[in-house]
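Chemist: Right, I'll just put the structure down here and ask away after.
The values are calculated or read from the model by the stated rules, or taken from the named source; none is laboratory data. Keep in mind the model is a prediction, meaning the values are calculated, not measured. Every residue, glycine as well, gets a Cβ built from its backbone with ideal geometry; the counts of neighbours run over all protein chains shown. Accessible surface areas use protein heavy atoms only, side chains included; no ligands, DNA or RNA. Shrake-Rupley method; radii C 1.70, N 1.55, O 1.52, S 1.80 Å.
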Amino acid sequence: MIREARREDLEGLLRLYTQLHNNPMPQMDEQLDALWTRIFDDPDHHVIVAEEEGRIVSSCICVIIPNLTHGQRPYAFVENVITDEECRGRGLATQCLNFAREIAREADCYKMMLLTGSKQESTLNFYRRAGYNSEDKTAFIQWL
């Protein structure tokens with residue numbers, strides 16, 4: 001089932017994120033709860049999940065960003081695309097990305113963007129098959 005995350009999905013989402021860039025499992029505390037509440041309550045921040053048998057097995061984030069150009073239409077930024085290692089190759093991340101695209105369309109976004117740090121051709125081809133291209137823009141990152 002592809003859906004937006006519920007408040008009670010935090011632990012399952014964080015468990016999945018341990019497979020993303022070797023993130024450690026954070027301690028559940030007030031600060032983490034406050035961050036989750038801030039994300040969860042933001043109407044422009046969409047946490048999309050694929051759930052199987054009560055477990056979060058794939059996810060992506062879609063943030064709608066207001067904009068003063070392109071007829072004042074917003075754009076969407078996609079981040080943290082991940083599928084559990086045991087569930088890869090079944091189209092779950094593609095379904096999450098498609099769900100994100102529908103959110104962006106409903107918000108009248110004029111474009112969607114995502115960045116990947118992967119240089120693996122299989123990952124780059126995955127994003128190409130999902131409708132993204134690496135030809136139109138050049139991305140620069142400044143780590144803080």
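Chemist: Can you give the convex hull volume per residue for the Cα atoms of the chain, as a whole number of Å³?
Modeler: Details: hull volume 20.0 nm³, N = 144.
That works out to 139 Å³ per residue.
Chemist: Roughly how many nanometres apart are two label points built 7 Å out from the Cα toward the Cβ at Gln72 and Ser118?
Modeler: That separation, rounded to one decimal, is 3.9 nm.
Chemist: A further question on this structure: Please report, as a whole percent, how much of the solvent-accessible surface of the chain comes from carbon and sulfur atoms (probe radius 1.4 Å). If you can, show how the numbers build up before the last one.
Modeler: Numbers: 4800 of 9620 Å².
That share works out to 50 percent.
Chemist: Here is a follow-up. Would you please put 128-141, 30-43, 102-115, 56-69 in order of how densely packed they are, using the mean number of other Cβ atoms within 10 angstrom per residue and starting with the highest?
Modeler: On the way: 128-141: 9.9, 30-43: 11.6, 102-115: 15.4, 56-69: 18.1.
In decreasing order of mean packing, 128-141, 30-43, 102-115, 56-69 become 56-69, 102-115, 30-43, 128-141.
Chemist: Where only protein heavy atoms count, and the probe is 1.4 Å, what is the accessible area per residue for the chain in Å²? Could you put the intermediate results ahead of the total?
Modeler: Working: 9620 Å² over 144 residues.
With all protein chains present, the chain gives 67 Å² per residue.
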